[in-house]
Amino acid sequence: MSTAISKSRIESIDLLRGIVMIIMALDHTRDLFHASANIDDPLNPATTTPLLFFTRWITHFCAPVFVFLSGTSIYLQSLRKSKKELNSFLIKRGFWLIIVELTLVTLGITFNPFFNVFVLQVIWTIGISMMILGLLIHLPYKVILALGLIIVLGHNLLDIPESAAGFKAGFLWDLLHHGFFAFYPMTENHGLLLIYPFVAWTGLMILGYCMGIFFTQRYTIEQRKKTLLLFGAGLILLFVVLRGFNLYGDPNPWTPQENGLQSFYSFLRVNKYPPSLLFMCITIGPALLFLVFSEKIKNAFTNILSMYGRTALFYYIVHWYVLHLICGIAFFSRGHSIQDAVDAFHDIPLMFVIPGEGYGLGIVYLVWAIVIIALYPLCKKYDAYKTSHPEKWWLSYL
């Protein structure tokens with residue numbers, strides 16, 4: 001495999017990862033600044049608007065694409081590391097990500113220095129999935145692929161017992177499949193907020209790992225592009241068929257609404273927590289098509305976008321602090337006090353956020369753009385430092 005091909009493949013993955021990281025910040029900006037962010041579902045067909053719906057819906061691509069590409073990157077690492085080395089790295093980095101989630105990320109999300117609420121969301125999911133994949137890499141490729149397919153295709157069978165009258169999820173069930181903003185008290189003043197149950201996400205990472213084989217010397221560029229095109233189009237078609245007839249793959253069937261636009265909203269409104277089969281189909285399918293058509297695109301603009309992908313964890317942590325700092329400034333500029341922030345925290349675990357109070361989408365997009373632009377120089381400096389210091393082993397965990 002030539003160096004040019006290798007670089008192209010890495011750049012296409014970084015480009016896609018960078019785009020979803022940028023879009024992700026839009027959703028978090030909306031959470032902190034939009035007036036209706038914490039009082040209504042932006043995907044509710046009856047109350048949403050086209051701009052609000054797609055502001056939220058487009059961010060659905062972020063977590064699944066990032067988790068999937070994390071798996072692909074792990075496969076590429078397996079080409080230059082022994083299984084023992086990769087096993088050790090994945091378990092250590094997965095554990096480190098969980099610690100980061102419970103400390104740096106939780107603080108960035110809540111801005112509560114007393115850690116009354118510990119948050120388990122996407123970073124913890126990636127961490128536990130890495131640890132599991134670290135154990136699985138010793139198995140034959142086909143066995144790993146089979147496990148990934150079983151999880152992704154079959155986890156929605158768990159929706160059946162959940163739909164039974166009187167069903168009540170416990171902590172283990174919530175942790176594995178059901179948990180959606182499930183709060184579990186730990187002490188009188190501290191608790192755990194579970195947002196991302198991990199099993200379905202682990203299955204998605206496993207399939208991303210298996211997809212990595214198409215980025216090796218075993219396949220030519222044309223073979224890879226044809227394969228990704230087939231898989232991408234196939235996933236979108238599978239979504240349309242299963243969703244259209246409400247056959248399987250999502251706990252919430254779509255229903256005809258008052259008008260065609262609202263019915264379209266209902267059709268696209270698939271379950272993210274946990275990611276249903278249909279959710280994964282309609283996000284990973286277009287992502288694979290993007291990889292096909294972006295492979296040879298390289299210019300100054302794509303270099304900028306790729307920078308956010310190369311520094312994903314650094315960017316992710318810092319963007320929460322920058323967003324929440326601006327949110328706090330806006331909160332006090334509206335005449336609120338620290339006591340107001342403390343009182344509001346009992347309603348929603350986001351300091352400086354009062355449900356029903358905030359700004360329109362215009363301000364949301366403005367703040368988002370400012371933060372994205374402001375973080376680029378920091379990401380660029382961090383990337384340069386990381387690249388110029390390969391001897392610093394700890395940087396591989398960031």
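The values are calculated or read from the model by the stated rules, or taken from the named source; none is laboratory data. Please read these numbers as outputs of a predicted model, since none were measured by experiment. Using ideal geometry, Cβ is built from the backbone for each residue, glycine included, and neighbour counts are taken over all protein chains shown.
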Could you give me the residue pairs with C-beta distances under 6 Å whose first residue belongs to segment 291-314 and is assigned to a helix (DSSP H, G or I), whose second residue is buried (at least 17 other Cβ atoms within 10 Å of the Cβ) and of a type in the set (S, T, N, Q) wherever it lies, and which are 6+ apart or on separate chains?
Leu291/Ser12; Ser294/Ser12
Options Ala287, Ala344; residue that is without any contact (Cβ under 8 Å) to a residue 12 or more places away in the chain and either aromatic (Phe, Trp, Tyr) or surrounded by 14 or more Cβ atoms within 10 Å (Cβ to Cβ) (or both):
Ala344
Does Phe167 satisfy being touching a helix residue (DSSP H, G or I) at 6+ places or on another chain (Cβ under 9 Å), without any contact (Cβ under 8 Å) to a residue 60 or more places away in the chain, of a type in the set (Phe, Trp, Tyr) and more than 22 Å from Lys272 (Cα to Cα)?
no
Tell me which of these Gly335 doesn't satisfy, since it passes every other one: (1) more than 30 Å from Phe239 (Cβ to Cβ); (2) assigned to a helix (DSSP H, G or I).
(2)
Among the candidates Leu133, Leu107, which residue alone is within 21 Å of Phe279 (Cβ to Cβ) and either touching an Asp or Glu at 6+ places or on another chain (Cβ under 6 Å) or at pLDDT 95 or above (or both)?
Leu133
The condition from (1) crowded, with 19+ Cβ neighbours inside 10 Å; (2) part of a helix (DSSP H, G or I); (3) in contact with a helix residue (DSSP H, G or I) (Cβ under 6 Å, 6 or more places away or on another chain) that Ile317 misses is numbered (1)
Which condition breaks for Ile22 when tested against (1) over 19 Å from Val318 (Cβ atoms); (2) assigned to a helix (DSSP H, G or I); (3) of a type in the set (Val, Ile, Thr); (4) in contact (Cβ under 8 Å) with a residue 60 or more places away in the chain?
(1)
In segment 57-85, the residues that are more than 30 Å from Gly360 (Cα to Cα), assigned to a helix (DSSP H, G or I) and touching a residue at least 40 places away in the same chain (Cβ under 8 Å):
Val67, Phe68, Leu69, Ser70, Gly71, Thr72, Ser73, Ile74, Tyr75, Leu76, Ser78, Lys83
Please work out which one of (1) of a type in the set (D, E, K, R); (2) outside any helix (DSSP H, G or I); (3) modelled with pLDDT under 95 is the condition Asp343 fails and give its number.
(2)
Please enumerate the residues belonging to segment 37-56 that are assigned to a helix (DSSP H, G or I) and either buried (at least 18 other Cβ atoms within 10 Å of the Cβ) or in contact with a strand residue (DSSP E or B) (Cβ under 7 Å, 6 or more places away or on another chain) (or both).
Leu52, Phe53, Thr55, Arg56
Here is a list of conditions, (1) in a helix (DSSP H, G or I); (2) within 22 Å of Tyr273 (Cα to Cα), and Ser88 meets all of them except one; can you say which number that is?
(2)
